[in-house]
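The values are calculated or read from the model by the stated rules, or taken from the named source; none is laboratory data. On a predicted model such as this, the values are computed, not experimentally measured, just so you know. Cβ atoms come from the backbone with ideal geometry, glycine included; neighbour counts cover every protein chain shown.
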Amino acid sequence: MVRTFGCSERSKSAPYYRAFQAYPVMRMVMQIQNLFKKDIFRSINGVIKAHQLDEHSVWQELDEFVLTRELDKHFRKFFSAY
């Protein structure tokens, strides 16, 4: 059985949709997985709480940290004062 994931009947007739059906989903996942440096199936904590001080949680949080423009702006303002 092929899942359509909300595709309309019209889009199901499109050539790219038929080509998509020809590839097993697991094969596609394996190809996408190879694009990433880290395991895409790893457990990621949504929120780290202050009391979670185990080494694994702390290192994962620091390793996964992404500096946004907003944080960059605040850090630059803070450090420019010193």
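Contact annotation: no residue pair with Cβ atoms under 6 Å, 6 or more positions apart or on different chains, pairs a residue in region 48-60 that is modelled with pLDDT under 85 and of a type in the set (Val, Ile, Thr) with a partner that is surrounded by 10 or more Cβ atoms within 10 Å (Cβ to Cβ) and part of a loop (DSSP other than H, G, I, E, B). Counting only residues that are of a type in the set (Val, Ile, Thr) and either part of a loop (DSSP other than H, G, I, E, B) or under 14 Å from residue 38 (Cβ atoms) (or both), region 50-71 holds 2 of them.
Report whether or not residue 11 is of a type in the set (Gly, Ala, Ser), surrounded by 10 or more Cβ atoms within 10 Å (Cβ to Cβ), at pLDDT below 60 and not in a loop (DSSP other than H, G, I, E, B). So residue 11 fits the description; yes. Given the criteria modelled with pLDDT of 80 or more, of a type outside the set (D, E, K, R) and in a loop (DSSP other than H, G, I, E, B), does residue 35 qualify? In short, yes.
In the set (1) out of contact with any helix residue (DSSP H, G or I) (no Cβ under 8 Å at 6 or more places or on another chain); (2) surrounded by 10 or more Cβ atoms within 10 Å (Cβ to Cβ); (3) modelled with pLDDT under 85, the condition left unmet by residue 26 is number (2).
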